[in-house]
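S.K.: Sharing a structure here in structure tokens format.
The values are calculated or read from the model by the stated rules, or taken from the named source; none is laboratory data. Predicted, not measured: the structure shown is a model, and the values here were computed from it. Note that each Cβ is placed from the backbone with ideal geometry, even for glycine, and that neighbours are counted across all protein chains shown.
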Amino acid sequence: MKRVLLPAILGLLMTTSFAQTAKHSWIAGGTALFSSKSYSTTVWATGDSAVGLRSTHVNFSPDLGYFISDKFVAGIKLLYAVNTSKLLHTRDPKRSQYTDYGVGPFVRYYFLPQKKKFNFLVDGSYQVGVERGKVIIYVDGQPAFSRLEKYSGHVFSIAGGPVVNLNSSVGFELFFGYTRSKYKSYGSNNKILMGGLGFQVYL
């Protein structure tokens with residue numbers, strides 16, 4: 001088996017032609033985006049120390065697309081995202097973690113001509129889905145209260161960046177983007193700047 005797989009993998013990676021972005025081609029792959037931020041503010045009501053908030057967002061999005069014209073892709077994208085936050089420097093900290101699941105359409109455009117080793121793209125997507133989470137409130141350093149939550153909503157994302165095509169079948173992408181999520185039950189409207197990597201196989 002190894003004698004069969006190794007030459008096939010090497011042949012895929014060492015092909016000298018570069019990625020196809022022609023009409024009627026397919027792509028399959030996904031992206032992973034990440035964001036982390038922290039800030040602090042004074043508790044004016046009590047005059048106590050500052051409150052710090054640290055939040056982290058990780059977003060995984062597998063996709064399958066079809067070139068409806070040269071350099072222009074339309075397809076379907078899944079969403080799996082994990083959002084965590086923690087209040088710091090307070091007597092009674094609070095932690096929360098939410099997981100988003102979604103599915104919806106995406107479009108993508110490659111700016112440079114076909115069969116280039118380097119390219120640039122812009123990608124936009126819209127998913128509908130659900131968010132599930134857990135909030136834990138601590139009193140005197142011990143978990144005193146927790147609740148489970150579930151909300152429905154939607155997520156809009158737009159991202160872009162350079163593409164490095166190893167050959168006609170494999171491409172790696174560097175993304176910088178903006179994500180906005182809104183969930184109906186509690187009126188959340190999160191706006192996040194994110195960066196990450198993508199991987200595509202051209203079929």
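S.K.: What number of residues within the range 112-134 are more than 21 Å from N59 (Cβ to Cβ) and modelled with pLDDT under 85?
M.R.: Here the count works out to 4.
S.K.: Looking at Y101, Y66 in this structure, which one is at pLDDT 90 or above, more than 26 Å from N167 (Cα to Cα) and not polar (S, T, N, Q)?
M.R.: None of the other options fit; the residue is Y101.
S.K.: In addition: Taking the conditions exactly as written (touching a Gly at 6+ places or on another chain (Cβ under 8 Å), assigned to a strand (DSSP E or B) and surrounded by fewer than 13 Cβ atoms within 10 Å (Cβ to Cβ)), does S152 satisfy them or not?
M.R.: So S152 passes the test.
S.K.: Among the residues of the range 155-179, how many are at pLDDT below 90 and surrounded by fewer than 14 Cβ atoms within 10 Å (Cβ to Cβ)?
M.R.: 0
S.K.: What do you reckon, is T42 modelled with pLDDT under 60 and either surrounded by 13 or more Cβ atoms within 10 Å (Cβ to Cβ) or part of a strand (DSSP E or B) (or both)?
M.R.: Criteria met by T42.
S.K.: While we're on this one: Find the residue count for the range 135-149, including only residues that are surrounded by 13 or more Cβ atoms within 10 Å (Cβ to Cβ) and either touching a Phe, Trp or Tyr at 6+ places or on another chain (Cβ under 7 Å) or modelled with pLDDT of 90 or more (or both).
M.R.: 1
S.K.: Within the range 45-63, which residues are closer than 30 Å to V130 by Cα, modelled with pLDDT under 85 and of a type in the set (A, V, I, L, M)?
M.R.: V51, L53
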